[in-house]
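Chemist: Take a look at the following structure, please.
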Amino acid sequence: MNDGLIPRRYAKALLKVAIERHDDKRIYQLSNTLYDSFASCPALQNTLSNPFIASDKKIELLMTASGASASDSTFSDFLQLLKKNERLDLARDIARSYCDDYRKANNIYRVTVTAAAKMAEAEENRLKQLIVSHLNGGTMEYTFKVDPELIGGFTVTIDSEKLDTSVKNQLEQLRLKLLG
């Protein structure tokens, strides 16, 4: 069976239950934090896959990595379900799928602006307003990064779409034209 299908099904079920319990936003925050924990500590996945570590210890680890507390019963109940079904090792992929589903359901876009240097505040605010006007009423989770390798200009990534106005890209396009 497709490994991506199982996490998506669990994420969809979790979103449905979270909405019923009015916990969907909190589960989104916990899932984001959990997914970021996996990204910053790759050994976390190895720990969850280790058959010699008790499931209760894995649940404690996931609660800590997500920033969940004892009052987060929906999340805790979900981890118990994963334990029962021996699916704790899918927590990273479920968290990612949950975040994707939540964003889609709530019309949230992940926006990353990468510039060669820090932008002036007014310039960055104007760019943010321009981006928001193209989101069809959606909201954005905004991230700004600096990458000197761009030489000049910037890139805007909205989910999986990218607009590249960097000098580096323009030079590459010119190089390709000259070669072609």
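Chemist: Can you list the strands (runs of 3 or more DSSP E) found entirely within the stretch 111-180 that contain at least 1 residues being open to solvent by less than 50 Å² (accessible area, probe 1.4 Å) and polar (S, T, N, Q)?
Modeler: 154-158
Chemist: Looking at this structure, is R96 surrounded by 14 or more Cβ atoms within 10 Å (Cβ to Cβ), in contact (Cβ under 8 Å) with a residue 60 or more places away in the chain and closer than 18 Å to R26 by Cβ?
Modeler: The answer is yes for R96.
Chemist: Take the conditions in contact with a Gly (Cβ under 8 Å, 6 or more places away or on another chain) and not polar (S, T, N, Q) and apply them to L30. Does it pass?
Modeler: yes
Chemist: Shifting gears a bit: In the stretch 61-70, what residues are open to solvent by 80 Å² or more (accessible area, probe 1.4 Å) and either at pLDDT below 95 or among the aliphatic types (A, V, I, L, M) (or both)?
Modeler: Once the filter is applied, which keeps residues that are open to solvent by 80 Å² or more (accessible area, probe 1.4 Å) and either at pLDDT below 95 or among the aliphatic types (A, V, I, L, M) (or both), the stretch 61-70 yields only A70.
Chemist: Another question about this same structure. Would you check which residues across the stretch 1-18 are surrounded by fewer than 20 Cβ atoms within 10 Å (Cβ to Cβ) and either among the charged types (D, E, K, R) or touching a residue at least 40 places away in the same chain (Cβ under 8 Å) (or both) and list them?
Modeler: D3, G4, I6, R8, R9, K12, K16, V17 - these are the residues of the stretch 1-18 that are surrounded by fewer than 20 Cβ atoms within 10 Å (Cβ to Cβ) and either among the charged types (D, E, K, R) or touching a residue at least 40 places away in the same chain (Cβ under 8 Å) (or both).
Chemist: Run down D101, D77 and say which single residue is assigned to a helix (DSSP H, G or I), in contact with a Lys or Arg (Cβ under 9 Å, 6 or more places away or on another chain) and either open to solvent by 70 Å² or more (accessible area, probe 1.4 Å) or of a type in the set (D, E, K, R) (or both).
Modeler: None of the other options fit; the residue is D101.
Chemist: Same structure, new question: All but one of (1) over 22 Å from D159 (Cα atoms); (2) part of a helix (DSSP H, G or I); (3) in contact with a Phe, Trp or Tyr (Cβ under 6 Å, 6 or more places away or on another chain); (4) not basic (K, R) hold for A65, so report the exception by its number.
Modeler: Every condition holds for A65 apart from (3).
Chemist: Right, something else. Among the residues of the stretch 19-60, what is the count of those that are in a helix (DSSP H, G or I) and loosely packed, with under 13 Cβ neighbours inside 10 Å?
Modeler: Matching residues across the stretch 19-60 total 10.
The values are calculated or read from the model by the stated rules, or taken from the named source; none is laboratory data. Because the structure is predicted, anything quoted here is derived from the model rather than measured. Because the Cβ atoms are built from the backbone with ideal geometry, glycine has one as well, and the counts that use them run over all protein chains shown. Accessible surface is based on the protein model in full, side chains and every heavy atom, while ligands, DNA and RNA are left aside. Shrake-Rupley method; radii C 1.70, N 1.55, O 1.52, S 1.80 Å.
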